[in-house]
Amino acid sequence: MASLSLDMVEIQHTLENVQQQYYSIITMLDARIAPMDDLVIDNLLAGYELIDQFVNEGIDLFSLGYSTHILEINNTVLFGPANGKDRQHYTQQLKASEKYFYEKSSGGIQDLIEYHQQTHFSDAFTEAAAVYIRTLAQPQLFVEGNHRTGVLLMSYILLRNGFPPFVLSADNAKHYFEAPPISKIKRHSLTMLIKRSQLNRFIASLLKKEASKAHHYFLDKSKATHIADKKGRFYG
């Protein structure tokens, strides 16, 4: 296995801080969000380790033949790592998830792969945002866990391009949760056609802002790609 590059302790601290500040966070939001319990955090951490492994092994999730890796990210988010003790208890759920993932005619994995291959992205942030939108829009890519898996898919794309992953924090929670409600829009609808650019700009802007101050998520902080502003200055 290739050596990993993410500082899992830093990511864990950030997620645990969200857990601890849950009641402070929800007072800032119009919508209600579920508390982040220990199992959610454990599975998210396993998900970050998994995408880190994929990136370091040079796996292109959006190439033909790698769709099972995308499904495994979702399985990890919901049921823990593949070698975890809990997987054996979710045989039926895993089968149902796989069936939905591959057989959904209008919004399954084939739709995402084709969209990704046929679309030109100006940078990693717009690419990550586009995949996130495609994952969450109706019909959603997975039975459950679309937001968490979508975050990990965005983070995978950022990592492949040398940027830190996106990690939900007490500081960015308000911006993240107040994004336009993607999950209520049909991916092939006129509404999506009209709003896609606005949605992409909103999410890409959040990702770029967070990446500029998230180099501590790398074990080797010097390897992170620096982001230049319009005047050519580097920050982050």
For the stretch 78-103, name all the residues that are assigned to a loop (DSSP other than H, G, I, E, B) and under 21 Å from the mean Cα position of the chain (by Cα). 80, 81, 82
Note: among 7, 86, just one is touching a Phe, Trp or Tyr at 6+ places or on another chain (Cβ under 9 Å), among the acidic types (Asp, Glu), farther than 18 Å from residue 144 by Cα and surrounded by 12 or more Cβ atoms within 10 Å (Cβ to Cβ), namely 7
Candidate set from the stretch 94-109 (those that are without any contact (Cβ under 8 Å) to a residue 40 or more places away in the chain and not basic (Lys, Arg)); member that is farthest from residue 64 (Cα to Cα): 94
Could we say that residue 127 is within 17 Å of residue 182 (Cβ to Cβ), among the acidic types (Asp, Glu), touching a helix residue (DSSP H, G or I) at 6+ places or on another chain (Cβ under 7 Å) and at pLDDT 90 or above here? yes
Could you list all residues from the stretch 30-52 that are in a loop (DSSP other than H, G, I, E, B) and acidic (Asp, Glu)? 30, 37
Limited to the stretch 162-203, what total is found for residues that are assigned to a helix (DSSP H, G or I) and within 21 Å of residue 111 (Cβ to Cβ)? 14
For the stretch 1-29, how many residues meet the condition of being part of a helix (DSSP H, G or I) and closer than 24 Å to residue 213 by Cα? 17
Looking at the stretch 65-72, is at least one residue over 19 Å from the mean Cα position of the chain (by Cα), surrounded by fewer than 20 Cβ atoms within 10 Å (Cβ to Cβ) and at pLDDT below 90? no
Checking residue 210 against (1) surrounded by fewer than 22 Cβ atoms within 10 Å (Cβ to Cβ); (2) part of a helix (DSSP H, G or I); (3) of a type in the set (Asp, Glu), the condition it does not meet: (1)
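Residue-wise test of (1) out of contact with any Leu (no Cβ under 8 Å at 6 or more places or on another chain); (2) part of a helix (DSSP H, G or I); (3) hydroxyl-bearing (Ser, Thr, Tyr); (4) buried (at least 22 other Cβ atoms within 10 Å of the Cβ).
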position	(1), (2), (3), (4)
110	yes, yes, no, no
114	yes, yes, no, no
127	yes, yes, no, yes
135	no, yes, yes, yes
144	no, no, no, no
147	no, yes, no, no
155	yes, yes, yes, yes
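The values are calculated or read from the model by the stated rules, or taken from the named source; none is laboratory data. The structure presented is a predicted model; accordingly, all values stated were derived computationally and were not measured. For neighbour counting, all protein chains shown are included, and Cβ atoms are generated from backbone atoms with ideal geometry for every residue, glycine included.
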